[in-house]
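Trainee: My questions will all concern the structure given below.
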Amino acid sequence: MAQPKLAEQPNSMKIKSIEELNAFRQEILSLQDPARPTVIVCHGTGCLANGSPKVSEALRKTIAKAGFQAKVMPGIKTTGCHGFCSRGPLVIVKPYGLFYQRVKAGDAEEIVNTTLLKGEPVERLLYKDPKTKEPIALEKEIPFYKFQQRVVLRNIGKVDPMDIRDTIAAGGYQALARAMTSLTPDEVISQVEKSGLRGRGGAGFPTGRKWRSAVAAIKKKGGPVYVVCNGDEGDPGAFMDRTIMEGDPHAVLEGMIIGAYALGCHQGYIYVRAEYPIAIKHLIIAMDQARSLGLLGQNILGTGFDFDIQINRGAGAFVCGESTALFTSLEGRAGEPRPKYVRSVEEGLWGKPTVLNNVESWANVPVIIEKGADWYAGIGVPTSTGTKVFSLVGKVNNVGLVEVPMGIPLVKIIEEIGGGVPGGKPFKAVQTGGPSGGCIPYTLKDVAVDFDSLTKAGSMMGSGGMIVMDRRDCVVDVACYFLKFLEEESCGKCLPCRLGVTRMREMLDTFSKGQGSKQDLEDLMSLAQAIQDGSLCALGGSAPNPVLTTVKYFREEYLAHIEQQRCPAGVCKDLITYQIDPEKCTGCMLCARNCPQKCIQGEKKKPHRIETEKCIRCGICLDNCKFEAVQVS
Amino acid sequence: MKEHVDIDDIIERYPGKPESLIFLLQDIQAAYNYVSPEAMTLVCDHVGVPLTQAYAVATFYQSFSLEPKGEHEIRVCLGTACHLKGAGRIVSELERRLGIKAGETTKDLKYSLDTVNCLGACALAPVSVVDSDYQPNTTTPKLVKLLDKLASE
């Protein structure tokens, strides 16, 4: 039974004090029965694409049809991403904590009959441990969840992001009320400083110090001051910000309102990628609901403090994640960065003092105020406190979003939470930090995952993308991929980035064709150094990182391309040939029928053969073969 | 097909200030699938920026198109996870089949093919979006089948 949405309530009330907030929360909680079964369906992007709307619809219908209002009254709730995207659509049944994976609409009846009526699990929908093959019934016991520590993601997968009442029941806006009624703005900043929170957007600048310097700048230059949330998650392979905005938009808003209170700011902006329509929708709904309760807008919580937020959609430019480019874009112009002689806290948006923090950083703020700076600083390691959300993707069994305390060994994330590489082989490398980061080889598997240790290893935290590569992935190809990406995304304003990155990409292109020399490799390294030193903004400054780390850790593989015209991973098109294993080929004809070159010969039910001289190595035969008969050598 | 929206109605949505430029171009792009020269002039008059600046913006950001787009839009994600799982091969095959390069539209205005840097749906890699439907674990055979279906509609 769904609770009435705020919009349906007549005379929506304004909350005017912490007491009223608590009373409202008690009222919502009193309408809930913790023992009452609730069916939670994940509506994160991954599950949506895999058909979760059909699942929730079927469950809703079946529950209504069963008509057991009087007996058990099951509720159904759609939430943000639970993180375990590769297993979607996901369904969790509370209060038992039962976890069902890959649920289809047709399973609704069995879930209702077996679990809701009899309280028993539906065996076939349970997660099975890939090693022991034993089913695991409870969410909290699945290794993917067991080793995580969910601080930022605490509400995601529990609350309905489109109903503020759910968030308030879960403790949302408590920190805001506490900050505004019992802490001075200065004390709020002190708490953030003491917590040790470092910016989660990548560079890891201490958030409290940033706020403190903004206060100094305002004193010196006068207001107004702006707070901005960077939701332009352009890093390929990262989706933590998307998940936070979609699954718990109120955490972002609450963090920003607390920040605005601390800084005396009255206008905020959230810059969101246009590729994230659900995030934009949920943020807009959340803002409307917060406004109608008096938690955002004029006279927040009856304190006389005014603050409102505007959402700007990005228009598809990676460089707009860079602070000065983002401000330029907010001002309505082409998002070109400008030199940072003066920092944004002094001259940011419209030339005014501006505090820009990333989505995950803002979402951390309420927890710090609510549970205290000391509690927060106790998580992680002394120089990197708290937790970090990573998107674990690539050649790993458990693909999804994970939140772990800072300082955890890399191998623990990949092997225990991620379940290792398919096939059980060790991973080859992990690419962290997106195009600005680097590759960490298996030999450094025990490296602690925190800001400083990753930088020492030649990579960086970045926004938190973690792309696992196995022996079938070529480092020359990956480095080339990132450079191609950056070449396209460079704004072109400064020469080192505009020409340098292109030249680096051209050199890698020749390597992947089996051309070039050892000297070229040396030249590439010195060019990389020059680009690092001479670029205007962080896009160019960090562009050489993927090249520098892969050459550092995988020089042999580069040499194999240059000197032996060989791609050990079997990726670089010009250096490989496709063959059909006659043992495995069943003669199904699928490859021959789909080959654009018509260069696959053979009769039905007899092994086929590829004419290598005509083959353009498009890989379509590989994609089509169901018997793994097509091989690359 | 999209509903017809009057351009004046779009322009009235935002105040006539330079910072409204991107918002307006986005709404026009969404309504018409591209920004026509006429629309560009109207927007510039409204927000008070020179045409050169509006073109600088429209050509800088990836989401604006100055050419009409096709009836069906195919976007293939080229994020890192998708790249590792063979998204590049999918793009090449689509380019071959449709006879256009990524970023172009077929002559009959039936299909537009684009690549996108990351959709943030890495668990579904390789992923593509046809019109507005996500296609998880895209393979060329699956996509070709879908295109054939669209063509016959």
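The values are calculated or read from the model by the stated rules, or taken from the named source; none is laboratory data. Bear in mind that the values here come from a model prediction, so they are computed numbers and not experimental data. Please note: Cβ atoms are built from the backbone with ideal geometry, for glycine as well, and neighbour counts cover all protein chains shown. Remember, those area values only see protein heavy atoms, side chains included, never the ligands or the DNA or RNA. Shrake-Rupley method; radii C 1.70, N 1.55, O 1.52, S 1.80 Å.
Trainee: Are there residues in the range B:106-124 whose accessible area shrinks by at least 50 Å² when all protein chains are included rather than the chain by itself, and which are they (probe 1.4 Å, ligands and nucleic acids not counted)?
Mentor: Hits at the 50 Å² cut-off: B:117, B:118, B:120, B:122, B:123, B:124.
Trainee: Using only Cα atoms, what Kirkwood radius does the range A:269-413 have, in angstroms?
Mentor: Working: mean 1/r = 0.0551 Å⁻¹.
Computed over the range A:269-413, the radius equals 18.2 Å.
Trainee: Okay, moving on. Where nothing but the Cβ of Lys and Arg (+1) and of Asp and Glu (-1) is charged, how large is the charge dipole of the range A:310-428 around its Cα centre, in debye to the nearest 20? Show your work: numbers first, answer last.
Mentor: On the way: 12 positive and 11 negative charges, 73 e Å.
Roughly 360 debye for the range A:310-428.
Trainee: Which ³J(HN,Hα) values, rounded to whole Hz and listed in residue order, are derived for the range A:507-517 from phi using the Karplus coefficients 6.51, -1.76 and 1.60 in 6.51 cos²θ - 1.76 cosθ + 1.60 with θ = phi - 60°, glycine and proline given as x?
Mentor: Once θ is set to phi - 60°, the couplings for the range A:507-517 become 5, 5, 4, 5, 4, 6, 8, x, 9, x, 9 Hz.
Trainee: Over the range A:416-557, what is the mean sequence separation of C-alpha contacts under 8 Å (at least six apart), divided by residue count, expressed as relative contact order in percent?
Mentor: Details: 206 pairs, mean separation 38.4, N = 142.
Here the relative contact order equals 27 percent.
Trainee: Out of residues 5 or more away from residue A:449 or on other chains, whose amide H comes under 5 Å of its own, with H placed 1.01 Å from N in the peptide plane?
Mentor: A:407, A:408, A:410
Trainee: Let me know the volume per residue of the alpha-carbon convex hull for the range A:336-397, in Å³. Please report the intermediate quantities before stating the final value.
Mentor: Working: hull volume 11.6 nm³, N = 62.
Taking the convex hull of the Cα positions in the range A:336-397, it is 187 Å³ per residue.
Trainee: With the dipole of the range A:525-602 worked out from charges on the C-beta (+1 for Lys and Arg, -1 for Asp and Glu) around the Cα centre, which of A:589, A:554, A:565 lies farthest toward the positive end?
Mentor: Ranked along the dipole, the leading option is A:589.
Trainee: List, by residue number, every residue in the range B:17-31 with a reduction of 40 Å² or greater in accessible area between the chain on its own and the complete protein assembly, 1.4 Å probe.
Mentor: Residues passing the criterion (a loss of at least 40 Å², heavy atoms only) are B:19, B:22, B:23, B:26.
Trainee: Using a Gaussian network for chain B with springs between C-alpha atoms less than 10 Å apart, which of these wobbles most: B:93, B:12, B:71?
Mentor: Between B:93, B:12, B:71, it is B:12 that shows the largest mean-square fluctuation.
Trainee: Can you work out the Karplus-derived ³J(HN,Hα) for every residue in the range A:605-619? Use 6.51 cos²θ - 1.76 cosθ + 1.60 with θ = phi - 60°, whole Hz, and x for glycine or proline.
Mentor: 6, 10, x, 9, 9, 9, 7, 4, 5, 8, 5, 9, 6, 7, x
Trainee: Over 22 Å between C-alpha atoms is what I'm after, so list which of A:493/B:69; A:395/A:606; A:54/A:158; A:412/A:456; A:456/A:552; A:146/A:412 land there.
Mentor: Numbers: A:493/B:69 29 Å; A:395/A:606 33 Å; A:54/A:158 20 Å; A:412/A:456 19 Å; A:456/A:552 13 Å; A:146/A:412 12 Å.
Pairs exceeding 22 Å: A:493/B:69; A:395/A:606.
Trainee: For the range B:52-92, state which residues have at least 40 Å² less accessible area in the presence of all protein chains than in their chain by itself, taking the probe as 1.4 Å and leaving out ligands, DNA and RNA.
Mentor: B:60, B:61, B:62, B:80, B:83, B:84, B:85, B:89
Trainee: Under the rule of at least 5 residues apart or a separate chain, name every residue whose amide H is placed under 5 Å from the amide H of residue A:438.
Mentor: A:432, A:460
Trainee: Which net charge results for the neighbourhood of residue A:600, defined as the other residues with beta-carbon distances under 10 angstrom from its beta-carbon, given Lys and Arg at +1 and Asp and Glu at -1?
Mentor: Overall, the nearby charge balance is +3.
Trainee: Counting only Cα, what are the radius of gyration and maximum Cα-Cα distance Dmax of the range B:35-153, in Å?
Mentor: 16.4, 49
Trainee: Count the net charge of all other residues whose Cβ sits under 14 Å from the Cβ of residue A:445, scoring Lys and Arg as +1 and Asp and Glu as -1.
Mentor: Residues close to residue A:445 contribute a combined charge of -1.
Trainee: Mean separation of Cα pairs under 8 Å and 6+ residues apart, divided by the residue count of chain A: what relative contact order is that in percent? It would help to have the intermediate numbers written out before the result.
Mentor: Values: 1331 pairs, mean separation 72.2, N = 633.
Relative contact order, chain A: 11 percent.
Trainee: Additional query: Quick one: Debye curve from the alpha-carbon atoms of the range A:533-633 only, equal weights, vacuum; give me log10 I(q)/I(0) at q = 0.22 Å⁻¹ to two decimals.
Mentor: Values, matching the q order: -1.04.
Trainee: In square angstrom, rounded to the nearest 10, how much accessible surface does residue A:375 have for a 1.4 Å probe?
Mentor: 90
Trainee: Taking 31 Å as the cut-off for C-alpha to C-alpha distance, list the pairs among B:107/B:145; A:604/B:110; A:484/B:142; A:513/A:605 that go past it. Working shown, then result.
Mentor: Working: B:107/B:145 21 Å; A:604/B:110 36 Å; A:484/B:142 27 Å; A:513/A:605 36 Å.
Among B:107/B:145; A:604/B:110; A:484/B:142; A:513/A:605, the Cα-Cα distance tops 31 Å for A:604/B:110; A:513/A:605.
Trainee: Related question: Given the -39500 (n - 2.57) contribution per DSSP H run of 4+ residues, what per-residue ellipticity at 222 nm results for the protein assembly as shown, rounded to the nearest 500 deg cm²/dmol?
Mentor: Numbers: 29 runs with 296 residues, N = 786.
Calculated from helices alone, the mean residue ellipticity at 222 nm is -11000 deg cm²/dmol.
Trainee: If you don't mind, there's one more thing I want to ask. Give the carbon-plus-sulfur fraction of the accessible surface of chain A in %, rounded to a whole number; probe 1.4 Å, heavy atoms of protein chains only. Display every interim value, and only then the final one.
Mentor: On the way: 12680 of 24350 Å².
Using a 1.4 Å probe with all protein chains present, chain A comes out at 52 percent carbon and sulfur.
Trainee: Bins of 10 Å, beginning at zero and ending with the bin holding the largest distance: percent of Cα pairs per bin for the range A:200-247, please.
Mentor: Whole-percent P(r) values from 0 Å outward: 20, 40, 29, 12, 0.
Trainee: To the nearest 20 debye, what charge dipole does chain A have about its Cα centre, counting +1 at the Cβ of each Lys and Arg and -1 at the Cβ of each Asp and Glu?
Mentor: Once rounded to the nearest 20, the dipole reads 820 debye.
Trainee: Oh, and also: Working only with C-alpha atoms, what are the Rg and Dmax values of the range A:262-318, expressed in angstrom?
Mentor: 13.1, 40
Trainee: Can you tell me what share of the DSSP beta bridges in chain A is antiparallel? A percent to the nearest 5 is fine.
Mentor: Restricted to chain A, the bridges split so that about 60 percent are antiparallel.
Trainee: For the range A:33-107, which semi-axes, largest first and in whole Å, follow from the square roots of 5 times the eigenvalues of its Cα gyration tensor? Don't skip to the answer; put the middle values down first.
Mentor: Details: eigenvalues 90, 37, 16 Å².
Over the Cα atoms of the range A:33-107, the ellipsoid semi-axes are 21, 14, 9 Å.
Trainee: Between the range A:225-281 and the range A:405-480, what's the alpha-carbon centroid distance in Å?
Mentor: 27
Trainee: For the protein assembly as shown, with the dipole built from +1 on Lys and Arg beta-carbon atoms and -1 on Asp and Glu ones, taken about the Cα centre, which of B:139, A:599, A:293 lies farthest toward the positive end?
Mentor: Farthest along the dipole direction, towards plus: A:599.
Trainee: Next question, about the same structure. Taking K and R as +1 and D and E as -1, what net charge do the other residues with C-beta under 9 Å from the C-beta of residue B:102 add up to?
Mentor: Values: positive: B:101; negative: B:95, B:104, B:114.
Here the count lands on -2.
Trainee: Considering chain B as a Gaussian network with a 10 Å cut-off on Cα pairs, which listed residue, B:115, B:59, B:106, attains the greatest mean-square fluctuation?
Mentor: Looking only at B:115, B:59, B:106, the biggest GNM fluctuation is shown by B:59.
Trainee: Please report the base-10 log of the normalised intensity I(q)/I(0) for the range A:284-368, using a Debye sum with one equal scatterer per alpha carbon and no solvent, at each q in 0.26 (1/Å).
Mentor: Once normalised to I(0) and log-transformed, intensities are -1.23.
Trainee: Taking amide H atoms as placed 1.01 Å from N in the peptide plane, list the residues 5 or more away in sequence, or in a different chain, whose amide H sits under 5 Å from that of residue A:127.
Mentor: Residues meeting the amide H criterion: A:101, A:136.
Trainee: Follow-up question, since we're still on this one. Under 15 Å from the Cα of residue A:352, which aspartates and glutamates turn up, not counting those fewer than eight places away in the same chain?
Mentor: Candidates past the 8-residue exclusion: A:331.
Trainee: How would A:96, B:134, A:481 rank on accessible area, largest to smallest, probe 1.4 Å? Mind dumping the intermediate values first?
Mentor: Details: A:96 95, B:134 60, A:481 25 Å².
Descending accessible area places them as A:96, B:134, A:481.
Trainee: Then there is this: With a 1.4 Å probe, how much accessible area is buried between chains A and B, both sides summed, in Å² to the nearest hundred? Write out the running numbers ahead of the final one.
Mentor: Details: alone 26150 and 9090 Å², together 31460 Å².
Using a 1.4 Å probe, the pair buries roughly 3800 Å².
Trainee: Need the list of aspartates and glutamates near residue A:104 for cross-linking: C-alpha distance under 19 angstrom, and skip anything on the same chain fewer than eight residues off.
Mentor: Residue A:104 reaches A:57, A:120, A:123, A:139, B:133.
Trainee: Also: Please compute the Kirkwood hydrodynamic radius over the protein assembly as shown, one decimal place, Å, based on all pairs of different Cα atoms.
Mentor: Working: mean 1/r = 0.0361 Å⁻¹.
Every distinct Cα pair counted, the radius reaches 27.7 Å.
Trainee: In straight Cα distance, which lysines are under 19 Å from residue A:14, not counting same-chain residues fewer than 8 positions off?
Mentor: Partners within reach: A:5.
Trainee: Using all C-alpha to C-alpha distances in the range A:366-432, build P(r) with 10 Å bins and read off the rounded percent in each one.
Mentor: 20, 43, 24, 11, 2
Trainee: In addition: How much accessible area does residue B:8 have with a 1.4 Å probe, in Å² rounded to the nearest 10?
Mentor: The value for residue B:8 is about 80 Å².
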